[in-house]
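Following: one structure in structure tokens, then a few remarks.
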Amino acid sequence: MTRSTFLGCLLAALTLGGLAVAGDHSSQRDGYRRPKQLAVPADAPEVWKSECSSCHMLYAPGLLPAGAWQRQMDSLSEHYGSNASLAPEEEQAIRDFLLRASAGNRLPVEGKVGSGEPPRITGTRWFQRKHHEIGAAKFQREAVGGPHNCVACHRDAERGDFDEDRVKIPR
Ligand code: HEC
Ligand code: HEC
């Protein structure tokens, strides 16, 4: 690489970095952290496994920070347009587990503020960064069913395994 192309690349990188920061006004930049612990804890309660997988795949607690799970559990009767209410003791057991298992997660709570919808995993910046090369059309394929259906592409997602080497986007 010649000196001038090197400088050109450096300048381009700096400009892109600047744009990313400028677009980042919803929360501070150093609030961005990727999940630390994705594997599902071995002592996960059965009630969580059965209740939270009856309409969609089971989401590992490490995918959201505790504050986001709190908001999910506070609004189960209006859960993304569905009623996912539970008996009080089941709700408590699931809430205790999700908060305990996500306690080490430093992700910021992100979500469409004011929309009334609880935070989404697919709405976090780390999710968007990890998938920025995947076009919307691939997520909308019938065999995928939308970005929230991680298990379509990450076979072992329900165990909290998202290893890049095992990803496969179905046709
Ligand atoms: C009655 C059906 C139903 C039940 C039961 C249910 N959910 Fe959901 N959940 C939904 C629907 C519908 C969506 C929105 C899916 C979409 O994007 O179209 C959703 C979305 C989610 C999302 C956001 C996914 C994303 O886009 O990032 C999370 C997290 C979630 N549910 C957690 C839970 C947890 C935890 C439980 C158990 C307490 C649970 N769900 C039980 C129907 C349900
Ligand atoms: C349409 C298929 C598809 C869906 C659905 C999908 N992903 Fe991915 N994911 C990928 C691909 C492909 C990569 C690798 C991206 C790359 O290398 O640029 C990836 C990468 C990742 C990584 C990074 C893995 C690593 O080793 O760094 C994580 C974590 C991840 N996805 C989590 C999720 C979660 C959580 C969901 C559901 C809420 C999800 N993905 C839904 C295709 C998908």
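The values are calculated or read from the model by the stated rules, or taken from the named source; none is laboratory data. All of these numbers come straight from a predicted model, not from anything done at the bench. Cβ coordinates were reconstructed from backbone atoms using ideal geometry, including for glycine residues, and neighbour counts include every protein chain displayed. Surface areas here come from the heavy atoms of the whole protein model, side chains and all, with no ligands, DNA or RNA. Shrake-Rupley method; radii C 1.70, N 1.55, O 1.52, S 1.80 Å.
Taken over the stretch 137-165, the criterion of being away from ligand 1 (no atom under 15 Å from the Cβ) and within 18 Å of residue 40 (Cα to Cα) is satisfied by 155, 156, 159, 161, 163, 164. The set of residues in the stretch 34-59 that are modelled with pLDDT of 95 or more and of a type outside the set (Ser, Thr, Tyr) comprises 44, 45, 46, 47, 48, 49, 51, 52, 55, 56, 57, 58. Only one entry of 171, 120 meets the criterion of being part of a loop (DSSP other than H, G, I, E, B) and more than 24 Å from residue 52 (Cα to Cα), and that entry is 171.
Contact annotation: residue pairs with Cβ atoms under 8 Å, 6 or more positions apart or on different chains, pairing a residue in the stretch 35-49 that is assigned to a loop (DSSP other than H, G, I, E, B) with a partner that is of a type in the set (Asp, Glu) and open to solvent by less than 50 Å² (accessible area, probe 1.4 Å), are 38/161; 39/161. Against the conditions (1) more than 15 Å from the chain's Cα centre (by Cα); (2) outside any loop (DSSP other than H, G, I, E, B); (3) of a type outside the set (Phe, Trp, Tyr); (4) within 11 Å of ligand 1 (Cβ to nearest atom), where does residue 89 fall short? Just the number, please. So the condition that residue 89 fails would be (4).
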